[in-house]
Amino acid sequence: MAETDESYAAEIESEIAKLERDAERSQKSGNIEKALRLLERALAFKLEAYGPENPETASAWTSLTNNYNVYAMKHLQDEDFKASHSLLSKAKALLESPANVISDEEKRRLLAITYNNFACYYKKKNMLKSALTHAEAVSSGYR
């Protein structure tokens, strides 16, 4: 039975490594949506294989959240508002998930980034009240 468990663990680790390599290649070639899907799958595998307490899982959670924010802002620069909002919403949902595995300090840091990016999004769309609401959320509680 232990040999089967070791074999399964090796398969999972191999799949995670493949997903991460493919995500990196996709990012380098500009296929951001594919890269994000691969990183999402890698996080799911890490949660299953390593559990929520493992630093590898927390690192993947943080990395995916950062990537959502980075590419949301790139879409905002390109005035692709729908894609930008979608990615920011994914970042926020990931951070507010009850399954969240990152430290409280890291969660606050990433929420501050995400809310700041929402403020930029709403400012660019000339929705100033929403922009101010998100900026105030950063200054009042996500530092």
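Considering the range 61-86, the residues that are part of a helix (DSSP H, G or I) and without any contact (Cβ under 8 Å) to a residue 24 or more places away in the chain include one that is farthest from the chain's Cα centre (by Cα), namely Q77.
Could you list all residues from the range 33-59 that are of a type in the set (F, W, Y) and touching a residue at least 12 places away in the same chain (Cβ under 8 Å)?
Step one: list which residues in the range 33-59 are of a type in the set (F, W, Y), which gives 45, 50.
F45, the sole residue that qualifies.
Residues that are farther than 23 Å from R109 by Cα, over 18 Å from the mean Cα position of the chain (by Cα), at pLDDT 95 or above and not acidic (D, E) do occur in the range 29-44. Determine whether the range 37-60 contains at least one residue that is over 30 Å from E6 (Cα atoms), assigned to a helix (DSSP H, G or I) and of a type outside the set (A, V, I, L, M, F, W, C). No, because not a single residue in the range 37-60 is over 30 Å from E6 (Cα atoms), assigned to a helix (DSSP H, G or I) and of a type outside the set (A, V, I, L, M, F, W, C). For the range 131-143, the tally of residues that are open to solvent by 60 Å² or more (accessible area, probe 1.4 Å), in a helix (DSSP H, G or I) and either in contact (Cβ under 8 Å) with a residue 12 or more places away in the chain or of a type in the set (S, T, N, Q) (or both) stands at 4. Can you work out which of the residues in the range 55-86 that are among the small types (G, A, S) and open to solvent by 10 Å² or more (accessible area, probe 1.4 Å) is nearest to V101 (Cα to Cα)? Filtering the range 55-86 for residues that are among the small types (G, A, S) and open to solvent by 10 Å² or more (accessible area, probe 1.4 Å), the one nearest to V101 (Cα to Cα) comes out as A58.
Among what's in the range 95-130 and is touching a residue at least 40 places away in the same chain (Cβ under 8 Å), within 17 Å of H85 (Cβ to Cβ) and assigned to a helix (DSSP H, G or I), pick the residue that is least open to solvent (accessible area, probe 1.4 Å).
Keep residues of the range 95-130 that are touching a residue at least 40 places away in the same chain (Cβ under 8 Å), which gives 99, 101-103, 106, 110, 113-114, 117, 120-121, 124-125.
Still in the running and within 17 Å of H85 (Cβ to Cβ): 113-114, 117, 120-121, 124-125.
Restricting the remaining residues to those that are assigned to a helix (DSSP H, G or I) gives 113-114, 117, 120-121, 124.
Values: I113: 56, T114: 0, N117: 18, C120: 54, Y121: 16, K124: 97 Å².
Once the filter is applied, the top-ranked residue is T114.
The values are calculated or read from the model by the stated rules, or taken from the named source; none is laboratory data. Not measured: the values here are computed from a predicted model. Neighbour counts run over all protein chains shown; Cβ positions are idealised from the backbone, glycine included. Quick note on the areas: whole protein, heavy atoms, side chains included, nothing else; ligands and nucleic acids left out. Shrake-Rupley method; radii C 1.70, N 1.55, O 1.52, S 1.80 Å.
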